[in-house]
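Shown next, in C-alpha cells, is the structure this report addresses.
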Amino acid sequence: QVQLVESGGGLVQPGGSLRLSCAASGIRFSIYTMGWYRQAPGKQRELVAGIDSDGRTNYVDSVKGRFTISRDNAKNTVYLEMNSLKPEDTAVYYCKASWYARDYWGKGTLVTVSS
C-alpha cells in the first residue's frame, strides 16, 4: 500500500519560514517525480514546486526565490522550504508522487500565514 504523509504545517507570521516534509512508503521513491501542490478555499489546486528523479526542479512564478524543493532518496522524503511567507501562501499543501500513469496523493497539511 502506498502512503504519502505530509507534516510541518502550521501558523506563521508574514515574512516567516516553514519547512514541509512528505514521507513516502510503498513506492520505489527514487524513480518518482515528486511535487508540492496547494489549494486555498475557493481556488483551484496549483503546482507549487516539482522535482524529478534527476533532481531537476521547477516552481510556480509566485514562489520563485522564496521556496526550495529538495529530496532525500535515502529517507524517501521530499521537502519544501518556504521563506518570506506571504498571506497569499495560505493553503492546504499536498504532496504528490508521479511515475508515468501512476499518481499518488497525500492528505495535505495546512499552512496559515497571518499576523
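None of the figures in this text is laboratory data; all of them are computed from the coordinates on show. Quick caveat, the model's predicted, so the values are computed rather than measured. When we count neighbours, we look across all protein chains shown, and the Cβ atoms used for this are built from the backbone with ideal geometry, even at glycine.
So the values come out like this:
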quantity	calculated
Calculated P(r) tail over 14 Å for region 66-110, as whole % of Cα pairs	62
Alpha carbon convex hull of the chain, projected area averaged over orientations, nm²	6.9
DSSP-defined beta bridges in the chain - what % are antiparallel, rounded to 5	95
Label point 7 Å beyond Cα of SER114 along Cβ direction - residues of region 36-66 with amide nitrogen under 18 Å	39-43
Net charge contributed by nearby residues that have their C-beta within less than 10 Å of MET34 (K/R +1, D/E -1)	+1
Longest site-free stretch - the chain; sites: trypsin sites (Lys or Arg not before Pro), DSSP loop, at most 12 other Cβ within 10 Å	65-106
From the C-alpha gyration tensor of region 34-88, square roots of 5λ in Å	21, 12, 10
